[in-house]
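Down below is the structure, laid out as C-alpha cells.
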Amino acid sequence: MSRAEDDASWGRSVLEACRRIENAESTPTLGDLAAGLGVDGSTLQRQFRKRLGVSPRGYAQALRLDRLARGLAGSDNALASLLQAGFDSPSSGYAAARAALGTTPGKLRGALTLQTWLGLSELGWMLMAATERGICWLAFGDEPERLLEELQAAFPRAEVQPGETRLRTWFEQVREFILLPEAALDLPLDIRGTAFQAGVWEALREIPLGETRSYSEVARTLETPNAARAVASACARNKIALLIPCHRVVAVDGGLAGYRWGIERKAELLRREGRI
C-alpha cells in the first residue's frame with residue numbers, strides 16, 4: 001500500500017523502520033522493511049532519506065559501527081566484538097571501522113564510563129549518554145562519528161558502555177517527543193556546571209511547552225537582571241538538548257539568536273511545539 005509523500009503518517013512509518021533496524025539481528029532488506037510496514041519500498045527509501053538524511057542501509061551500517069566501538073571498550077577480543085556488532089565477517093568489520101573511524105577495531109579498545117545510545121530522530125542523528133544519576137548528554141548532529149567525538153572530548157576520562165534498557169526507554173521518549181511534542185519531558189538528569197549555569201538550566205526547565213522567554217526574562221527570573229549575556233553563555237554550554245530546553249530562549253525581539261545544535265533545529269523544535 002503506497003501513501004502520499006506528504007502524508008503525516010510517514011513520520012510514524014519512518015520511526016518504526018528505525019526501530020526495526022535497531023532491533024534486527026541482521027540488517028533487514030528494504031523490501032522486508034517495506035513489507036513489514038505495509039508501504040511501498042521506493043517511497044520508504046525516499047522518505048527515510050528526506051526525513052533523516054541517510055538511507056536505511058546507511059543507518060544500519062552506522063549502528064553496527066557504534067555497537068562495535070562500544071563493545072570493544074569492555075572486551076579484549078576484537079574478533080568477538082566485530083561479530084557481536086552484527087558484521088557478517090571480520091574483513092567487512094575491519095574495512096568499515098577503518099573507513100568510518102580511521103583506525104582498526106583493536107585500536108578502539110580503551111577505558112571508558114558513560115552509557116550511550118545513538119540513533120536517528122526527526123532532527124537528525126541523536127546521541128544520549130547517562131551516568132547512574134541520569135542523562136548528562138543529549139546532542140544532535142549530521143554525522144554520528146562527529147557526535148561521538150564531541151562526547152569523548154567533553155568527557156575525556158569517561159568509561160563508555162552499551163546502554164541498558166532504561167537508556168533505550170529514555171531515548172525513545174525523546175524521539176517520540178520530537179515527532180509529537182504533546183507533554184513536557186521529565187527524565188532524570190545529571191546536570192554538571194557552575195552554580196550559575198545550573199541555575200539557568202533549572203530556570204529553562206520551568207518554561208512551559210509552547211512558550212518562549214528572552215535571555216533578559218530568564219535573567220530577571222534568577223534575580224540577576226543585568227546578566228542576559230551570562231544567561232546566553234549558559235544556554236550555549238548546555239549539554240542536554242530538549243530536556244534542558246534552551247531552544248525556548250530567544251532574543252528580546254523574538255529572533256531565534258543562536259543554538260548549539262543549529263538554528264534550523266531550533267526553528268523546527270519551536271514550530272513543532274506551536275510557538276512559531
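The values are calculated or read from the model by the stated rules, or taken from the named source; none is laboratory data. It should be emphasised that the depicted structure is a prediction, and the values quoted were computed from it without experimental measurement. All Cβ positions, glycine included, derive from the backbone under ideal geometry; neighbour counts span all protein chains shown. Note: areas computed on protein heavy atoms with side chains; ligands, DNA, RNA excluded. Shrake-Rupley method; radii C 1.70, N 1.55, O 1.52, S 1.80 Å.
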Where a residue in the range 153-182 is under 27 Å from Leu269 (Cα atoms) and open to solvent by 30 Å² or more (accessible area, probe 1.4 Å) and its partner, wherever it lies, is of a type in the set (Lys, Arg) and part of a loop (DSSP other than H, G, I, E, B), with Cβ under 9 Å and at least six apart: Ala154/Lys239
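The rows are residues; the columns are (1) basic (Lys, Arg); (2) closer than 30 Å to Thr224 by Cβ; (3) modelled with pLDDT of 85 or more.
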| position | (1), (2), (3) |
| --- | --- |
| Glu145 | no, no, yes |
| Pro156 | no, no, no |
| Gln173 | no, no, yes |
| Ala198 | no, yes, yes |
From the options Pro245, Pro181, Pro162, residue that is modelled with pLDDT of 90 or more, in contact with a Lys or Arg (Cβ under 9 Å, 6 or more places away or on another chain) and not β-branched (Val, Ile, Thr): Pro245
So Leu138, is it modelled with pLDDT under 95, on the phi < 0 side of the Ramachandran plot and either within 15 Å of the chain's Cα centre (by Cα) or aliphatic (A, V, I, L, M) (or both): no
Residues (open to solvent by 30 Å² or more (accessible area, probe 1.4 Å) and either without any contact (Cβ under 8 Å) to a residue 40 or more places away in the chain or at positive phi (or both)) located in the range 229-250: Arg229, Ala230, Ala232, Ser233, Ala236
Residues located in the range 116-148, provided they are open to solvent by 40 Å² or more (accessible area, probe 1.4 Å) and closer than 17 Å to Leu63 by Cβ: Trp117, Asp142, Glu143, Glu145, Arg146
